[in-house]
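*Asks:* Please read through the structure below; I'll follow up with questions.
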Amino acid sequence: MSFPRCALLWARLPAGRGAGSRAATRSALRALAGPFPGAPGRVPCLAASSSSSSASGGSKAPNTSLFVPLTVKPQGPSADGDVGAELTRPLDKNEVKKILDKFYKRQEIQKLSADYGLDARLFHQAFISFRNYIMQSHSLDVDVHIVLNDICFSAAHVDDLFPFFLRHAKQIFPVLECKDDLRKISDLRIPPNWYPEARAIQRKIIFHSGPTNSGKTYHAIQRYLSAKSGVYCGPLKLLAHEIFDKSNAAGVPCDLVTGEERQTVEPEGKQASHVSCTVEMCSVTTPYEVAVIDEIQMIRDSARGWAWTRALLGLCAEEVHLCGESAAIDLVTELLYTTGEEVEVHKYERLTPISVLDHALESLDNLQPGDCIVCFSKNDIYSVSRQIEIRGLESAVIYGSLPPGTKLAQARKFNDPSDPCKILVATDAIGMGLNLSIRRIIFYSLIKPSINEKGEKELEPITTSQALQIAGRAGRFSSHFKEGEVTTMHREDLALLKEILNRPVPPIQAAGLHPTAEQIEMFAYHLPETTLSNLIDIFVDFAQVDGQYFVCNMDDFKFSAELIQHIPLSLRVRYVFCTAPINKKQPFVCSSLLQFARQYSRNEPLTFAWLRRYIKWPLLPPKNIKDLMDLEAVHDVFDLYLWLSYRFMDMFPDSSLVRNLQKELDVVIQDGVHNITKLIKISESRKLLKLESLSSGSQSALSGALKSPARRTRATKGAGGKAAAEAPSPGAGELPLASRLVQQGLLTADMLKQLQKEWLTQRPEQAREKAGTRRKKKDPTSE
């Protein structure tokens, strides 16, 4: 009710008393409900509202498709009765429906709604909700009832409904009421101001620039070790572990901090003067003498770039040493210009020579000790490993989803001169974090699956930066081979590889940013009924950044948010669960996040005994590739538990026991990977794994699944016609048509087998038909 019943009874006037009585009633309503629109027949002068003009003041129009309407339930019977009907008369629903339809069709109303942020889509949704509310309510607010009654008697204009419509629209779309506040919260234009501790000191910035194996990180680490206190920020757990071990071996006490692990070396858990951590885990409030940020070029990473931006702007250290590609120098200089800090650049050259060969490998028969075949899919890794084993050779295998311990074990096996394993089959996971003794890098394919900004999978050639990072692993200064070589598996890829490696690396244009938990909490304060996933979408849409920054892709965060949306959790706890790093391609890992969140919401601690039951421990050694992948998923679940245990210690209390269990599992996985060719063989025999076979000699290998005609076109154009000139002419050693179709991804091995069966079935029938045709031609009378 708009005002007390006593006032309504005082203002009660008989229906149909004339315009003067109704005007008096409307005057009383104005005093309580705010100014009404102007005279009948005129559009109300509401467009001059300050909130509307300020909301649109120079900012981009919001993406209204992100605004999810809330439900406003119609009013039921009131204990005080229908006061509006007592003051006027009961409304005729048919008349009301005609009035609302007329209101909806008025162009002036649609234009006025647009001034208040209701585009055509929102206007339509708001009107449908408004009409349902009016038509289905048992009794309306007295002000709405009186205006509708006056419109029915032509004592008011249909436009007079607009204030009530707008009030309803703001109820179902609360973002309309607080757009200015949301824009202020999501203003990301001055990130340096987020770190007052760093701004309070004058930092010295040293950029160590150079290619892979140039000694740039070595010089930065030497300064780190000689400092009184220091922090190393690396992109991988493996690198954080390496510096942790190296520092303590040099007699410099160093702690380890990663998302899943904490190790202290001082007695009673006292914090050491040095710490080695993954970049996301660095402290921006602890003072250090020296900080090292490794692989600074990852500041451009679409998912993790925010962590490098935070470290660069926020580390509270007297000296900050940056290690990475020269492509990041200009951006870093520009970012730090806004903080008043100058960048001192030290450039390094590669310590050992590396050359691109003029011939491709073409056949696995040509493999030599120290070769590393780089693949961009697990199927290629399985296929190549199997073919190497057929040739009587032994290979080590490294790919991204393997546990760190298994990667290190495979690296040691490959590096050991006394081990018969002399070949490495790996993904681009070898690009950083592992010290490998590689003589020659062989690209099995140059096409790498990637995810674009829309979350869609794309197949594109690797970038120059990626190619240089991988190729640079050959002939490292500390390896057995003092010169490195690079080539491709297939002849037609070689010209494209040379072109890619010869391109200049484009300068990095922008640094990543990420909304904080505090910013999302402030958004939720204004939009309390909005889901976390939708909050993120609206935040990113409202976010204001200048040209030197971008908002990182938050698809993984939103995936987790939608996964656990139905579980009752506080916003801060929900945010933490959603930032937990999981592989969303692993169903068991995703279901584990869901189960962990559910247990948390019930306030039931996830004990060691509970976790053992959940994963059905003990686990059996893998019998095939699927079993191995399942064990890798369990290892990821242990990582998830450990990650959460450092955020919610009471609810995940058994981190040390789980870590020991994870080490046992790592040994099981290492044994599985050691026997991976046997697992592949079993999987093939049971049809659990479909791999194309490689014949020795001229037939190219499995990269056909990743190759496309577009890629071949790019290779030919990029080489300036050279690739086309080198291609074999028909009849001169050209591959069979079936092999070429398989290479181009237009035909699979299964399709080829099916075609062969059909051809063999149809061949006798075709022969009989031809024989019958010849007989008819010889006997003219048969026609």
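*Asks:* Can you put 557, 608 in order of accessible area, largest first, using a 1.4 Å probe?
*Replies:* Working: 557 15, 608 45 Å².
From most exposed to least exposed: 608, 557.
*Asks:* Related question: What part of the accessible area of segment 594-674, given as a whole %, is carbon or sulfur when the probe is 1.4 angstrom?
*Replies:* Numbers: 1980 of 3750 Å².
Of the solvent-accessible surface of segment 594-674, carbon and sulfur hold 53 percent.
*Asks:* Excluding same-chain pairs closer than 8 in sequence, count the lysine pairs in segment 573-682 whose Cα atoms lie under 19 Å apart.
*Replies:* On the way: 584/626; 585/626; 616/626; 616/663; 623/678; 623/681; 626/678; 626/681.
Summing the qualifying lysine pairs gives 8.
*Asks:* Amide H to amide H under 5 Å from residue 551: which residues, 5+ apart in sequence or cross-chain, H placed 1.01 Å off N in plane?
*Replies:* 513
*Asks:* Quick one: which residues, 5+ away or cross-chain, put their amide H under 5 Å from the amide H of residue 292? H built at 1.01 Å from N.
*Replies:* Counting only residues 5 or more places away or on other chains, the set is 231, 232, 233, 321.
*Asks:* Given +1 on the Cβ of Lys and Arg, -1 on the Cβ of Asp and Glu, and no further charges, what dipole in debye does segment 203-347 carry about its Cα centre, rounded to the nearest 20?
*Replies:* Numbers: 13 positive and 20 negative charges, 20 e Å.
Dipole size: approximately 100 debye.
*Asks:* Please list 3J(HN,Hα) in residue order for segment 139-154, calculated via the Karplus relation 6.51 cos²θ - 1.76 cosθ + 1.60 where θ = phi - 60°; whole Hz, with x for glycine and proline.
*Replies:* 9, 9, 4, 4, 5, 5, 4, 5, 5, 4, 5, 5, 5, 4, 9, 6
*Asks:* Please list 3J(HN,Hα) in residue order for segment 269-276, calculated via the Karplus relation 6.51 cos²θ - 1.76 cosθ + 1.60 where θ = phi - 60°; whole Hz, with x for glycine and proline.
*Replies:* For segment 269-276, the Karplus-derived couplings read x, 5, 5, 6, 6, 10, 9, 10 Hz, x marking Gly and Pro.
*Asks:* Spelling out what I want: for every residue of segment 508-517, take phi, set θ = phi - 60°, compute 6.51 cos²θ - 1.76 cosθ + 1.60 (Karplus), and round to whole Hz; glycine and proline get x.
*Replies:* Using θ = phi - 60°, the values come out as 6, 9, 8, 10, x, 10, 8, x, 8, 4 Hz.
*Asks:* Please work out the Cα center distance from segment 351-424 to segment 89-148, rounded to the nearest Å.
*Replies:* If you average the Cα positions of each part, the centres end up 70 Å apart.
*Asks:* Based only on the alpha carbon positions, what is the Kirkwood hydrodynamic radius of segment 217-280, in angstrom?
*Replies:* Numbers: mean 1/r = 0.0871 Å⁻¹.
11.5 Å is the Kirkwood radius here.
*Asks:* Okay, next question. Is there a quick way to get the dipole size of segment 595-666? I mean about its Cα centre, with the Cβ of Lys and Arg at +1 and of Asp and Glu at -1; what is the value in debye to the nearest 20? The partial results should precede the final answer.
*Replies:* Details: 10 positive and 10 negative charges, 44 e Å.
Result for segment 595-666 is approximately 220 debye, rounded to the nearest 20.
*Asks:* Under 25 °C and 0.890 mPa s, how fast does segment 586-650 diffuse according to Stokes-Einstein, given a Kirkwood radius computed over C-alpha pairs? Answer in µm²/s, whole number.
*Replies:* Values: Rh = 12.6 Å.
My calculation gives 195 µm²/s for D.
*Asks:* Under 20 °C and 1.002 mPa s, how fast does segment 203-347 diffuse according to Stokes-Einstein, given a Kirkwood radius computed over C-alpha pairs? Answer in µm²/s, whole number. Provide the component values of the computation, followed by the final result.
*Replies:* Values: Rh = 15.0 Å.
The Stokes-Einstein estimate is 143 µm²/s.
*Asks:* Shifting gears a bit: Could you tell me which of 554, 581, 599 has its Cα farthest along the dipole of segment 553-684 towards the positive end, charges placed at Cβ (Lys, Arg +1; Asp, Glu -1), taken about the Cα centre?
*Replies:* Final value for the positive-end residue is 599.
*Asks:* Would you mind giving the three semi-axes, in whole Å and largest first, of the ellipsoid equivalent to segment 267-344 according to its Cα gyration tensor? Write down the numbers at each step before the final one.
*Replies:* On the way: eigenvalues 110, 43, 22 Å².
Ellipsoid semi-axes (Å, largest first): 23, 15, 10.
*Asks:* Give me the percent of accessible area attributable to carbon and sulfur for segment 133-276, probe 1.4 angstrom. Write out the running numbers ahead of the final one.
*Replies:* Working: 2880 of 5640 Å².
The nonpolar share, carbon plus sulfur, comes to 51 percent.
*Asks:* Using a 1.4 Å probe, what is the accessible area per residue for segment 354-502, in Å²?
*Replies:* Working: 5540 Å² over 149 residues.
Heavy-atom accessible area per residue stands at 37 Å².
*Asks:* Kirkwood hydrodynamic radius, segment 354-502, all distinct C-alpha pairs: what's the number in Å?
*Replies:* Numbers: mean 1/r = 0.0646 Å⁻¹.
Final number for the Kirkwood radius of segment 354-502 is 15.5 Å.
*Asks:* Name the chymotrypsin sites (Phe, Trp or Tyr not before Pro) in segment 440-533 that are in a loop by DSSP and that have at most 14 other C-beta atoms within 10 Å, would you? If you can, show how the numbers build up before the last one.
*Replies:* Values: sites: 443, 444, 477, 481, 523, 525; in loops: 444, 477, 481.
For chymotrypsin sites (Phe, Trp or Tyr not before Pro) across segment 440-533 that sit outside H, G, I, E and B with at most 14 neighbouring Cβ atoms in 10 Å, the list reads 477.
*Asks:* Rounded to whole Å, give me the distance from the Cα center of segment 453-517 to that of segment 605-675.
*Replies:* Cα centroid to Cα centroid, the span is 33 Å.
*Asks:* Follow-up. With the other protein chains left in place, how much accessible area per residue, in square angstrom, belongs to segment 553-684 at a 1.4 angstrom probe? Could you put the intermediate results ahead of the total?
*Replies:* Values: 6050 Å² over 132 residues.
I get 46 Å² per residue for this part.
*Asks:* Next question. Averaged per residue, what accessible surface does segment 65-172 expose to a 1.4 Å probe, in Å²?
*Replies:* I get 45 Å² per residue for this part.
The values are calculated or read from the model by the stated rules, or taken from the named source; none is laboratory data. Being a predicted model, the structure only gives us computed values, none of them experimental. All Cβ positions, glycine included, derive from the backbone under ideal geometry; neighbour counts span all protein chains shown. These accessible areas exclude ligands, DNA and RNA; they are computed on the full protein's heavy atoms, side chains included. Shrake-Rupley method; radii C 1.70, N 1.55, O 1.52, S 1.80 Å.
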